[in-house]
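The values are calculated or read from the model by the stated rules, or taken from the named source; none is laboratory data. Bear in mind that the values here come from a model prediction, so they are computed numbers and not experimental data. Ideal geometry is used to build each Cβ from the backbone, glycine not excepted, and the neighbour counts take in all protein chains shown.
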Amino acid sequence: MSLIGRINDLFMANAHHAIDQAENPEIMLKQVIRDMDRNIQDARAAVVSAVAGEKQLAAQVEHHRRAAAELERKAESALKAAREDLARQALARKVDHDRIADDLAAAGRQAAETGARLKLQLDDLIAKRADAARRKEVLVARQRTAQARSRLTRSLSAISTGDTSSSRLARMQERVAQMEAEAAAIGEVLDERSQPDKDIAEIETAAQVDAALAALKERLGAQPPSTPKPQ
């Protein structure tokens, strides 16, 4: 299994565990995104390392190819100088460089294939991260909507079943109306109770007026009549 494959498996295992243990989905989703970002960083580092190794192998292959070509040129010069022994030595070293170059070239091809797979897997991780980010926004929005609906439902339930402000206000209005009715009743009772006092006061006033009138008549009757003055 490749490095990125193991990283992806580890991420999925951690994500499933986080989902099972999550109490706050929004916090959990943000943590999952952060974990994916770290996984992408690790995968990108693996890709960079693979590409660097591929380039290094290519450079080594080129070095051994040039060395082999130079040894072949020297072997040709040795033969021209009638030094077959030197030519054989140069060709033997050339064969070694050719063999090393072939082996390095094969390793380079494998490295190129591995790098290509790592790049594809990195692209897949990046795409999954983007999809997870989109899903996170949707899930967070759904969670917040559900929380708001839950709070509203609890509030409406409390209004219908509990001791709420609306019910207290209604009871207060009833109490004020009752107090107003009691005040009006008390006023009527007081008016009824004061009516005999009013009648007695009127009688006493009439008696005093009659006494004053009788005294005035008596006083006028005791005086002699006045004679009118001549004109």
- Task: Identify the residue in the stretch 56-87 that is in contact with a helix residue (DSSP H, G or I) (Cβ under 8 Å, 6 or more places away or on another chain) and among the basic types (Lys, Arg) and, among all such residues, is farthest from Gln110 (Cα to Cα).
- Result: Lys74
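Of Ala127, Ala132, Ala105, which residue is surrounded by fewer than 13 Cβ atoms within 10 Å (Cβ to Cβ) and either in the same structural domain as Leu29 (by TED's automatic domain parsing) or of a type in the set (S, T, N, Q) (or both)?
Working: Ala132 fails: surrounded by fewer than 13 Cβ atoms within 10 Å (Cβ to Cβ); Ala105 fails: surrounded by fewer than 13 Cβ atoms within 10 Å (Cβ to Cβ).
Among Ala127, Ala132, Ala105, only Ala127 is surrounded by fewer than 13 Cβ atoms within 10 Å (Cβ to Cβ) and either in the same structural domain as Leu29 (by TED's automatic domain parsing) or of a type in the set (S, T, N, Q) (or both).
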- Query: Just one of Gln60, Gln89, Gln121, Gln41 is assigned to a helix (DSSP H, G or I) and touching a Ser or Thr at 6+ places or on another chain (Cβ under 8 Å); which is it?
  - Reply: Gln121
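Are any residues in the stretch 45-79 among the basic types (Lys, Arg) and under 60 Å from the mean Cα position of the chain (by Cα), and if so, which ones?
Going residue by residue through the stretch 45-79, those that are among the basic types (Lys, Arg) are 55, 65-66, 73-74.
Residue satisfying the conditions is Lys55 alone.
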- Query: Any chance the stretch 29-52 includes a residue that's modelled with pLDDT of 90 or more, out of contact with any Lys or Arg (no Cβ under 6 Å at 6 or more places or on another chain) and more than 30 Å from Ala133 (Cα to Cα)?
  - Reply: yes
